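The structure appears below as structure tokens.
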Amino acid sequence: MAGNGVASIGECMLELSGQTGPNWRMGFAGDTFNTLWALHALSTERPATYVSAFGDDPFSQGQIDFFAENGIGIGSSPIIQGARPGLYAITLTGAERSFTYWRSDAAARQLASDPAALSKSLENQALVYFSGITLAILDDAARATLLGAVAEARAAGSLVAFDPNYRPRLWRRREAAQAAIVEALAVTDIALPTFPDEQMLFEDATPQATAKRIGKLVGEVVVKNGEAPALIAKGGTLREMPAIHVAAPADTTGAGDSFNGGYLAARLAGHEPQEAARRAHRVAAAVVQVRGALAPFERLRAAFEG
């Protein structure tokens, strides 16, 4: 591997959750940050870097300060004058969530605006992680810059993990999403798709079909499927790992992201894929029992260790 650190690339937004009447609780979250949060909690010996772009407003500084307070750096991520972070609000019906977004001019859309800075942020990382949302917020040129930087890090020895995380509202055309995700898979070592997303985007009939399709490009594939078993494809074999049923979840936000963080932490620690998936399910089950996308570090560690 290239180094000891872990880097995650994408957009961290302001998160409004826990509505009580007209009042909301504000935090920070976003798919790739949620994964890094769990990964950092479970791999404390590894320097953690969130690679993005930030504004110069008080909310952006609040993000950066929050990261630093929790041991997460921003590498060489650019600070964009006049820019600001995106915002989303979580509305719950029971434990199931829906989201409202304000992100069209978010600073993170400029995360590949300085190719040299992006490459520097990915230097000497044991793991580089990104998602389909990372791809979706970038224009074509920036997306090409990002994939080039990821490929460069991989060639230097970094392990690359990718969650396709398809969100239709972020893409102008379904075909564009398909093409971009296939390009990303071509520079990926561990793919972490979610079956309903893949079914929607690629019309896969079963999780096995998803694993087989992605397995033609990626050596290790873990297909998440809610409370159904995760399907692990590696070395020409398929294995299932049952999920954990939580009878009364508080909030399902971040469950898949935290699964990814748990799985990657376990693989970096030397656990085999099945054991990594077992631990990842425990981490995801812990996260759905708290409000918002980020569970306390100690809770994540206790779940990971079982």
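The values are calculated or read from the model by the stated rules, or taken from the named source; none is laboratory data. Given the structure is predicted, the values throughout are model-derived calculations rather than measurements. We place every Cβ from the backbone using ideal geometry, glycine too, and count neighbours over all the protein chains shown. Each accessible area value is taken on the protein alone, full model and side chains, heavy atoms only, with ligands, DNA and RNA left out. Shrake-Rupley method; radii C 1.70, N 1.55, O 1.52, S 1.80 Å.
Structure values in brief
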{"quantity": "Long-range amide H partners of Glu240 with built H, under 5 Å", "calculated": "Ile232"}
{"quantity": "Relative contact order (%) - segment 161-306, alpha-carbon pairs under 8 angstrom, separation at least six", "calculated": "16"}
{"quantity": "Sulfur and carbon atoms: percent of accessible area, the chain [1.4 Å]", "calculated": "51"}
{"quantity": "Heavy-atom SASA rank of Thr145, Thr253 (probe 1.4 Å, accessible area, largest first)", "calculated": "Thr145, Thr253"}
{"quantity": "Heavy-atom SASA rank of Asp197, Asp56 (probe 1.4 Å, accessible area, largest first)", "calculated": "Asp56, Asp197"}
{"quantity": "Percent RCO, i.e. relative contact order, over the chain, from Cα pairs under 8 Å lying at least 6 residues apart", "calculated": "17"}
{"quantity": "Where segment 183-303 is the region considered: accessible area per residue in Å², 1.4 Å probe", "calculated": "40"}
{"quantity": "DSSP beta bridge pairing in the chain, given as percent antiparallel to the nearest 5", "calculated": "45"}
{"quantity": "Residue-count net charge about Gly5 - beta-carbon cut-off 11 Å; Lys, Arg +1, Asp, Glu -1", "calculated": "-1"}
{"quantity": "Pairwise centroid distance, computed over Cα atoms, of segment 1-44 with segment 182-211, Å", "calculated": "23"}
{"quantity": "The chain: most fluctuating residue of Arg84, Arg174, Arg278 per GNM, C-alpha cutoff 10 Å", "calculated": "Arg174"}
